[in-house]
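What follows is a short report on a single structure.
The values are calculated or read from the model by the stated rules, or taken from the named source; none is laboratory data. Owing to the predicted nature of the structure, the values given are computational and were not obtained by experimental measurement. Here the Cβ positions follow ideal geometry from the backbone for every residue, glycine too, while neighbour counts run over all protein chains shown. Protein only, heavy atoms only, side chains kept; ligands, DNA and RNA dropped before computing areas. Shrake-Rupley method; radii C 1.70, N 1.55, O 1.52, S 1.80 Å.
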Amino acid sequence: QVQLVESGGGLVQAGESLRLSCAASVSISSINVMGWYRQAPGKQRELVATITSGGSTNYADSVKGRFTISRDNAKNTVYLQMNNLNSEDTSIYFCNARRILSIYWGQGTQVTVSS
């Protein structure tokens, strides 16, 4: 079982930055892929970014060049640096971990961008 706890969400103005953190209850070296997803009201949950155990990253087109996903294996934490935020980034952001055949989710953290 993997527990994920997100933090770092909040209310910011358009153009500002936030950094989200996702702390895992196990060594993230054992997790194949970790990622961030988001879900806005009335919309489906969508991929934001992923990072593999080898460090390969993948981003949604809407966040490329603005968001950066990274991992700190020593702290068992994955980060999402979000720059130049806009109102369309307003969502609940969820941390996700995929290990072997299991998928785990955090409880989510709210990000609100005001224009």
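When you filter the GluC sites (Glu not before Pro) in the range 8-106 for DSSP loop state and at most 16 other Cβ atoms inside 10 Å of their Cβ, you are left with GLU16.
Rounded to the nearest 20, the Cβ-based charge dipole of the chain about its Cα centre (Lys and Arg +1, Asp and Glu -1) stands at 260 debye. Highest-first packing order for the peptide set 90-100, 25-35, 64-74 is 90-100, 25-35, 64-74, based on the mean count of other beta carbon atoms within 10 Å. Computed over the Cα atoms of the range 18-115, pair by distinct pair, the Kirkwood hydrodynamic radius stands at 13.6 angstrom. For the chain, the solvent-accessible area works out to 52 Å² per residue, with a probe of 1.4 Å and every protein chain left in place. Counting protein heavy atoms only, the chain has 46 percent of its accessible area on carbon and sulfur, 1.4 angstrom probe. Quick one: net charge of GLU16's neighbours, Cβ under 13 Å, K/R +1, D/E -1? Neighbourhood net charge equals +1.
Full extension of the chain between ASP72 and ALA14 gives 18.1 nm of extra length, using 0.36 nm per residue less the Cα-Cα distance. Residues whose amide H falls under 5 Å from that of VAL48, counting only those 5 or more places apart or on a different chain, are TRP36, TYR37, ARG38, with hydrogens built in the peptide plane. Amide H to amide H, with H built 1.01 Å from N, THR90 comes under 5 Å of VAL113, counting only residues 5 or more places away or on other chains.
Extending 7 Å from Cα along the Cβ direction at ASN86 and again at SER62 yields two label points whose distance is 1.1 nm.
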